[in-house]
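Report on one structure; see the data block that follows.
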Amino acid sequence: MTLALSTDRTASAIAARALAPATAVAVAACMVLPRAAPVMLVLLAIVWLFAPGPGRFSRPAVTPLLTAVVLFAAYAAVTAAWSIEPREGVLKVCWLLLAVLAGATMLATGARLGAADAARIRRALVIAFAIGLAYVGCEVLLGGKLLQGLFNLFEALRPVSRKHMAMRGDAVQSINPYVFNRNMGAVVLLMWPALAAGAALVRAPGVRWVLALLFVATLAVAARSEHESSAIAIAVSGIVFVVARLLPRIGRPLVLVGWLAATLLMVPVAMLAYTAGMHKADAIPVTARARIILWDYTARQVLHRPLLGVGIASTRTMDEKHAPAAQKRNDEVFAQRTGRHAHNVYLQTWYELGAVGALLLLAAGIALWRAVVRLPEASQPYALAAFPAAMVIGSFTWGLWQEWYLSLFTLSAVTMGLAARAPDAVGEARS
């Protein structure tokens, strides 16, 4: 009996120690290969599921946030009934639920970890982020030379499509810089959890300076990259961090107001931006001008089915049918169409899921905000900054239902939850 109990405890301790390296590998891999995020999330969740030891799984707690996300997913599944792509829509919802379940399971396990194991997880997050940032920084600053060299060394690894690279004979001559936009998005979503983890490890002033330099390095890489959205996200979230740190009574409601505005006012704001002629402003990058046209067109389509939307995952197919007849007005850089997706998760929600879906998304965001403001005070500024960072990325970039995208949002929330765990005895963690 005693031997069995001792063996069980040993197995549990080994499993718990495996969490830190597994988490580090998953986080770094998602920054290096963002499209691998779904696989990394599932594998990591499996490791975390068995971490407490044989036969003792961590059951996710039924929280307001989990309930709100499940309700949003359930309604999205209902809209498949009138979607032009019902099968794809149901598959997207299934993945969202799987990602959320994986994240909730990891957080449930994290709540049971001791101080020493929690400290290992935090160290792993910081180290993994630094490794991932170093890789992305090298690719951005060197123009993709690492990936170029890899493709030239191992021809089998080259993608079938050559549209993202320049070739000279059989050799890859260069990689288009925008290829690393996804990497920058992953960097932005995982930056604040890593900084929160670092701040929770040691309170010494010197460490604060190291974290500040890590933030500046991230901002510098984003500014040098082709992904303007990442630079904007880091700058905005940095401002929110300072406000939340110095004036928490202002920082907390500021983030909530931003979420309310993004989810409720995105349709009229998109139309106003077009009416104001921002799509013709030379000071705005061409890609941004194209999106203003795309957003305006999508917003006007929302008015045709404002309550229930056109159905989940319908945007791409509907746009493909409309594209041949789409008109390009004088002096405009983009035709009057939605594109494959809205490049804005709020507009896409309004368009595909209607007001009902937008209100459910609003409720999920409010539940997340409530969870954030209940975190330990030392961690709140980091979590409050992570919120607008994700909001900005969601406002300018990829489609809502892309699996790798949902996986990164989930991993960002989970790692922040792990980093911002209630303060435990640092001395115990060191012993």
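A short reminder: the numbers here are calculations on the coordinates, not readings from a lab. Predicted, not measured: the structure shown is a model, and the values here were computed from it. Cβ sites come from the backbone with ideal geometry, for glycine too, and all protein chains shown count toward neighbours.
Figures for the structure shown
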{"quantity": "For the chain, calculated [θ]222 nm from helices alone, where every DSSP H run of n ≥ 4 adds -39500 (n - 2.57)", "calculated": "-24000 deg cm²/dmol"}
{"quantity": "Stretch gain in nm, segment Y178-A134, where the contour uses 0.36 nm per residue and the Cα spacing is subtracted", "calculated": "14.1 nm"}
{"quantity": "Inter-site label distance for R305 and L264 at 7 Å from Cα along Cβ, in nm", "calculated": "2.6 nm"}
{"quantity": "Given (i) 23.7; (ii) 25.3; (iii) 18.0, the label whose value is mean projected area of the Cα convex hull in nm² derived from this model", "calculated": "(i)"}
{"quantity": "Label-point separation, L359 to A325 (7 Å along Cα→Cβ), nm", "calculated": "3.3 nm"}
{"quantity": "Spin-label proximity, V236 to the stretch 320-348 - amide N less than 18 Å from point 7 Å beyond Cα toward beta carbon", "calculated": "342-348"}
{"quantity": "Burial ordering of R252, R112, R291, R168, fewest other beta-carbon atoms within 10 Å first", "calculated": "R168, R112, R252, R291"}
{"quantity": "Extension gain from A212 to A166, taking 0.36 nm per residue of separation minus the Cα-Cα distance", "calculated": "12.8 nm"}
{"quantity": "Rg to Rh quotient for the stretch 89-210, alpha carbon positions, Kirkwood Rh", "calculated": "1.10"}
{"quantity": "Alpha-carbon centroid distance for the pair the stretch 302-342 / the stretch 256-294, whole angstrom", "calculated": "16 Å"}
{"quantity": "With Cα atoms, 0 to 90° folded angle of helix 115-142 axis to the chain main axis", "calculated": "40 degrees"}
{"quantity": "Potential extension, A74-V202 segment - 0.36 nm per residue separation minus Cα distance", "calculated": "41.9 nm"}
